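The structure under discussion appears below in the form of structure tokens.
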Amino acid sequence: MSSVQLVSVFLVLLALLLDSGMSLVLPMDCSDIYNHSSSRPSGVYTIYPIGSTSAVQVFQRRMDSSVNFYRLWDHYKTGFGNAVGEYWLGLETLSHLSLRKNYELLVDMEDFAAAKFSLGAGDSLSNNNNGQKFTTLDKDQDTHEYNCARSHLGGFWYSNCHHTNPNGVYRWGADDTIFAIGVSWFHWKGHNYSLKSISMKVRPVQ
């Protein structure tokens, strides 16, 4: 985080302190920061999900091949990557967030022809992922006979196995060399098209 961003976070925390009558209220998510100052620029800010409108909290982002997402359970639990680049916030933090508020999910995607979608690309989540446990290469919690994370080289809420693989291998567009291992969204581009970018975000339900 740059010195400018550190100063910005300090000012936000100071404002929260003053607004609360000298009782410090730390921002639990990005919406807390936004709600105290909606004119703030987009950037990287410190949140405190374990304790203490409508900003979004990015919890997953793929945009290049700079970060390996084929990782162990402990990595997915605590988070990895860089918040301004390829990134996974962490299952533990996501769990704490979801206990405090009701959130809605936004998924932004882009293919290599520069077509972008946040809506209208079809639902590749609800049938195969809703209610599933998270599976990684070393912790098999999906409903398939084999470990879906190992079969599709990622980590996700797999079932038997997936219609989307946002944490799969970053490839460049259409590639059927190995079935369904790319960063895919089946109802838009199929199993063997790896997207240029995808980000998954949550925001409090209004």
In nm, spacing of pseudo-spin labels at E110 and A83 (7 Å Cα→C-beta vector): 2.2
The range 123-206, Kirkwood Rh and Cα Rg, ratio Rg/Rh at 0.97
Given charges at beta-carbon only (K, R positive; D, E negative), |dipole| of the range 57-204 in Debye: 400
Just subtract the alpha-carbon distance of S126 and T177 from 0.36 nm times their residue separation and send over the number in nm, one decimal. 15.6 nm
Loop-located trypsin sites (Lys or Arg not before Pro) in the range 115-156 whose Cβ has at most 14 other Cβ within 10 Å (DSSP): K133
Taking the number of other C-beta atoms within 10 Å as the exposure measure, put F179, F80 in order starting with the fewest. F179, F80
When the label point is put 7 Å from the Cα of N68 along its Cα-to-beta-carbon vector, which residues of the range 159-174 have a backbone N closer than 19 Å? 166-172
Can you put S194, S95 in order, fewest other beta carbons within 10 Å first? S95, S194
The residues S199, S39, sorted from fewest to most surrounding Cβ atoms within 10 Å, come out as S39, S199
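Apply the a/c threshold of 1.5 to the C-alpha gyration tensor of the range 57-204 and tell me whether it is rounded, prolate or oblate.
In terms of gyration-tensor shape, rounded.
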Taking the range 91-206, how many lysine pairs are there with alpha carbons less than 16 Å apart, if each pair must be eight or more places apart or span two chains? 4
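Only the coordinates and a few stated rules stand behind these numbers; no lab work does. As the structure is a computational prediction, the values presented were derived from the model and not from experiment. So basically every Cβ, Gly included, is an ideal-geometry build from the backbone, and we count neighbours across all protein chains shown.
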